[in-house]
């Protein structure tokens with residue numbers, strides 16, 4: 001398979017491989033964020049939510065991998081991590097030292113929305129009926145994930161809504 005994804009040629013095993021890789025990319029990003037938020041910024045609440053997302057991404061990735069292995073055990077893996085970047089993973093720019101738990105959940109909501117949009121866009125060019133059905137299922141699951149994050153957001157107290165600019169230091173020269 002070429003280094004770019006061509007949704008017109010994806011086989012069902014490829015689609016499942018893609019979905020597994022997306023979950024793994026998001027899992028790794030949440031691990032990075034949790035470590036930085038906790039160990040560098042001592043932001044325990046935001047780090048805890050990132051760790052919750054690590055578990056969610058890991059569980060979903062494992063389910064997809066088991067499904068792939070059960071349905072297509074002999075099909076070669078033709079989709080690689082190099083073919084995708086930031087498909088479901090939260091954006092690096094979305095995190096910060098003073099990130100609230102509320103902002104962390106909004107970051108996760110944006111990532112789940114981005115993943116849904118990816119699958120809906122892919123549906124426009126997907127030709128294989130099984131791939132089309134899988135992408136529809138995965139897009140709908142992303143909507144469900146968005147709902148779960150929104151429900152958690154509703155349980156939180158109101159956010160103080162400080163922006164990065166409110167707490168950023170002016171740049172200074174170094175001697």
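General observations
- Just one of the numbered conditions (1) within 23 Å of residue 109 (Cβ to Cβ); (2) touching a residue at least 12 places away in the same chain (Cβ under 8 Å) is not true of residue 55: (2).
- Candidate set from the stretch 80-106 (those that are without any contact (Cβ under 8 Å) to a residue 40 or more places away in the chain and more than 30 Å from residue 10 (Cα to Cα)); member that is surrounded by the fewest Cβ atoms within 10 Å (Cβ to Cβ): 93
- Within the stretch 127-175, the residues that satisfy the criterion of being closer than 20 Å to residue 100 by Cβ and at pLDDT 80 or above are 146, 148, 149, 150, 151, 152, 153, 154, 155, 156, 157.
- Sole exception among (1) part of a helix (DSSP H, G or I); (2) without any contact (Cβ under 8 Å) to a residue 60 or more places away in the chain for residue 73, by number: (1)
- Of all residues in the stretch 28-51, those being closer than 24 Å to residue 155 by Cα and assigned to a helix (DSSP H, G or I) number 14.
- In the stretch 147-169, the residues that are at positive phi and in a helix (DSSP H, G or I) never reach a residue that is surrounded by 11 or more Cβ atoms within 10 Å (Cβ to Cβ) and modelled with pLDDT of 60 or more with C-beta atoms less than 8 angstrom apart, at least six apart or across chains.
- Filter pass, residue 141 being in contact (Cβ under 8 Å) with a residue 60 or more places away in the chain, surrounded by fewer than 20 Cβ atoms within 10 Å (Cβ to Cβ) and assigned to a helix (DSSP H, G or I): yes
- Restricting 102, 42, 60 to residues that are under 29 Å from residue 150 (Cβ atoms), at pLDDT below 90 and in contact with a helix residue (DSSP H, G or I) (Cβ under 8 Å, 6 or more places away or on another chain) narrows the list to 102.
- Screening the candidates 16, 10 for the property of being buried (at least 19 other Cβ atoms within 10 Å of the Cβ), out of contact with any strand residue (DSSP E or B) (no Cβ under 7 Å at 6 or more places or on another chain) and not in a helix (DSSP H, G or I) yields one hit, 10.
- Just one residue in the set 77, 115 is under 29 Å from residue 12 (Cα atoms) and surrounded by fewer than 21 Cβ atoms within 10 Å (Cβ to Cβ); that residue is 77.
The values are calculated or read from the model by the stated rules, or taken from the named source; none is laboratory data. Since we're looking at a predicted model, the values are computed, not measured. Quick reminder, even Gly has a Cβ in these numbers, built from the backbone with ideal geometry, and neighbours come from all protein chains shown.
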